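Down below is the structure, laid out as structure tokens.
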Amino acid sequence: MSTPTTRIALVTGAGQGIGRAIALRLARDGFDLALADIKPEGLEQVAAEVQALGRKSQVQRCDVSDRSQVFDAVAQAREHLGRLDVMINNAGIAQVAPLLDARPEDVQRILGINLQGVLWGIQAAAEAFKAQQGGGKIINACSIAGHEGYPLLGIYCATKFAVRALTQAAAKELAHAGITVNSYCPGVVGTDMWVEIDRRMAEVTGARLGESYDRFVGNIALGRAETPDDVAAFVSYLSSPDANYMTGQSVMIDGGLVYR
């Protein structure tokens, strides 16, 4: 059981990439971590890294497109770690294809993970926060693709625009309970997701491998690709008391690529 001063965060998609970086940053910030991912093989390693930083961790396989599994992940976090203070709906996937090639099964898969997964996370966290009667923070994974549509990423962009809408609506609905809801919007992050995006763009357009990635990175004002730690640093702020007066926002952290 955690001590009263320990904060607890649940991170979905925590087994790799941005989710792993968020978990480790929050562990350094003093959080105990509940770690959820559809691929359990990476979770134990992240859990060990969290524990090496002196924090407690709990792991659970979770398919965020399944509402019952998301609610169970929240329940397990509270049972094993004592409560929940921050819910980070990080899990997501990308799809690269022309809009005219989209098929129902492709659309349903990405909607289930990127959109419904966030909605179920909002619901489960809000239920837990209200039961605890102490407010809480919900933080969603959005993207620069939630602010601007990109060719060959149209369905992905649609899910991220929808996350912005959910974030705003949930912030307004839950403010009375002391619950804040915000999103982080990364740009081009050097993770396996972007390796896959680049590979698929090469297949669709005939570009060489790495060409699409290099083109996007070349437009970043700060002159380099984003790292998972760059994203995690902003999520650290959103998870902290410094962000207590911020809600309903989907903030870009992209090194200067999209301006709004």
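Key figures
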read-out	value
Amide H partners (placed H, <5 Å) of Lys56, local residues excluded	Leu33
Under-25-angstrom lysine pairs by C-alpha in the chain, whenever the two are 8 or more apart or on separate chains	8
Vicinal HN-Hα couplings computed from phi for region 111-117 (Karplus, 6.51 cos²θ - 1.76 cosθ + 1.60; Hz; Gly/Pro x)	5, x, 8, 6, 9, 5, x
Volume in Å³ per residue [convex hull over Cα atoms, computed for the chain]	120
Potential extension, Tyr259-Thr5 segment - 0.36 nm per residue separation minus Cα distance	87.6 nm
Long-range HN-HN contacts of Ile138 with modeled amide H, under 5 Å	Met87, Thr180, Val181, Asn182
Packing-based ranking, highest mean first, of 173-184, 88-99, 40-51 given that Cβ atoms within 10 Å are counted	88-99, 173-184, 40-51
Spin-label proximity, Lys39 to region 194-221 - amide N less than 13 Å from point 7 Å beyond Cα toward beta carbon	194-197
Rounded if a/c under 1.5, otherwise prolate or oblate - region 1-67, Cα gyration tensor axes	prolate
Karplus 3J(HN,Hα) series, Hz, for region 209-216 with 6.51 cos²θ - 1.76 cosθ + 1.60 (x for Gly, Pro)	4, x, 5, 5, 4, 4, 5, 5
Extension gain (nm, one decimal) between Glu148 and Arg199, 0.36 nm per residue minus Cα-Cα	16.2 nm
Under the Karplus curve 6.51 cos²θ - 1.76 cosθ + 1.60, θ = phi - 60°, whole-Hz ³J(HN,Hα) for region 101-108, x wherever Gly or Pro sits	9, 5, 10, x, 5, 5, 5, 5
Amide H contacts of Ile93 (H built 1.01 Å from N, under 5 Å, at least 5 apart or other chain)	Asn114
Approximate spin-label separation Ala48-Asp192, in nm, with each point projected 7 Å along Cα-to-Cβ	1.7
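Read-outs throughout are calculated quantities, based only on the coordinates presented, and are distinct from any laboratory measurement. Keep in mind it's a predicted model, so treat the numbers as computed, not measured. When we count neighbours, we look across all protein chains shown, and the Cβ atoms used for this are built from the backbone with ideal geometry, even at glycine.
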